[in-house]
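The values are calculated or read from the model by the stated rules, or taken from the named source; none is laboratory data. In this text the structure is predicted, and so the values were computed from the model without any measurement. Reconstructed Cβ throughout: ideal geometry from the backbone, glycine too, with neighbour counts over all protein chains shown.
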Amino acid sequence: PASPAPILEVEGLSKHFGGLKAVDEVSFTVTRGGIHALIGPNGSGKTTTLNVLSGLYRPNAGRVRLDGQDITHAPPHARAGAGLGRTFQNIRLFRSMSALENVEIGAERPDNPLAGHDRAAREARARSALAFVGLEARADEPVSAFSYGHQRLIEIARALAGNPVLLLLDEPAAGLNSTEKGALTGLLRRVAAKGVTILIIDHDMTLVSDVASHITVLNFGRHIADGVAATVLREPAVVEAYLGQ
Ligand code: ADP
């Protein structure tokens, strides 16, 4: 039988800001299952790539397929409906609303108004996502009462509540202490183990080499290396890109 399509196929993707080629004809594939890292020095185009993948930016060129479906020109809510979840570099939660209310926003399905109206189902999905990150006992507390590390977990719960097949994480370890990073590592492994593929951007090479089975490396908007984690980080082009920082 034919093997299933990769969960994500990125082909010749470009995003320009005026004369700046922030992402320059980048191609890579994320296979189903596991944790895939997108790394590169500051300004190499990682966040811009994620923003194009999640539909915040329109690409100048290229093609994106999610689970075999062309989503290159799909609006963000349609991508979410197709199974794309994401978190942001800066936490985007409503601080005066409860953890549960925030996660319920992620459980809404704008692509499916009927599902969206089923409040009980939405709340159940939100509660189970909060349980998954270990915060169900504090579901009714306002976000402002949680530590920064826990707010990161609430963001991940919000993304999980949408039942993604692919979860895009933009620097989830930023600002976390080493205990929190350890907990995050465990959580990412549990997310992957339940069948949600993860594409993660992070500066923390220890975290990346701990969790990622596959790494794609960008430099100046271009794809410079790709492969299994253990060997990619030793490639001369990658070492050189990071030395140049
Ligand atoms: P990374 O996430 O790897 O640090 P970014 O994708 O944030 O890199 O940025 C890539 C390049 O694009 C940088 O030179 C950055 O200054 C530029 N850039 C990013 N977003 C914008 C924008 N909205 N407008 C103009 N330039 C941008």
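Looking across region 14-53, the residues that are under 14 Å from Leu66 (Cα atoms) and either in a loop (DSSP other than H, G, I, E, B) or of a type in the set (A, V, I, L, M, F, W, C) (or both) come down to Phe28, Val30, Thr31, Arg32, Gly33, Leu50, Val52, Leu53. When we screen Arg95, Arg32, Arg65, Arg86 for residues that are more than 12 Å from the ligand (Cβ to nearest atom), more than 17 Å from Leu168 (Cβ to Cβ) and not β-branched (Val, Ile, Thr), the only hit is Arg95.
To keep it simple, each residue is scored yes or no on (1) closer than 28 Å to Val64 by Cβ; (2) touching a Pro at 6+ places or on another chain (Cβ under 7 Å); (3) within 14 Å of the ligand (Cβ to nearest atom).
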site	(1), (2), (3)
Arg152	yes, yes, no
Ala159	yes, no, no
Leu169	yes, no, yes
Gly175	no, no, no
Gly195	yes, no, no
Ile224	yes, no, yes
Val232	yes, no, no
Ala237	yes, no, no
Tyr242	yes, yes, yes
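Against the test of being at pLDDT below 95, part of a helix (DSSP H, G or I), under 25 Å from Pro6 (Cα atoms) and not aromatic (Phe, Trp, Tyr), the options Val191, Val208 yield a single qualifying residue, Val208.
Taken residue by residue, region 20-29 has no member that is in contact (Cβ under 8 Å) with a residue 24 or more places away in the chain, farther than 25 Å from Leu243 by Cα, under 18 Å from the mean Cα position of the chain (by Cα) and within 15 Å of the ligand (Cβ to nearest atom). Scanning region 68-82 for residues that are under 16 Å from the mean Cα position of the chain (by Cα) and either outside any loop (DSSP other than H, G, I, E, B) or within 10 Å of the ligand (Cβ to nearest atom) (or both) yields Pro76, His77, Arg79, Ala80, Gly81. The residue of region 28-54 that is surrounded by the fewest Cβ atoms within 10 Å (Cβ to Cβ), among those that are in contact with a Leu (Cβ under 8 Å, 6 or more places away or on another chain) and closer than 17 Å to His73 by Cα, is Ser54.
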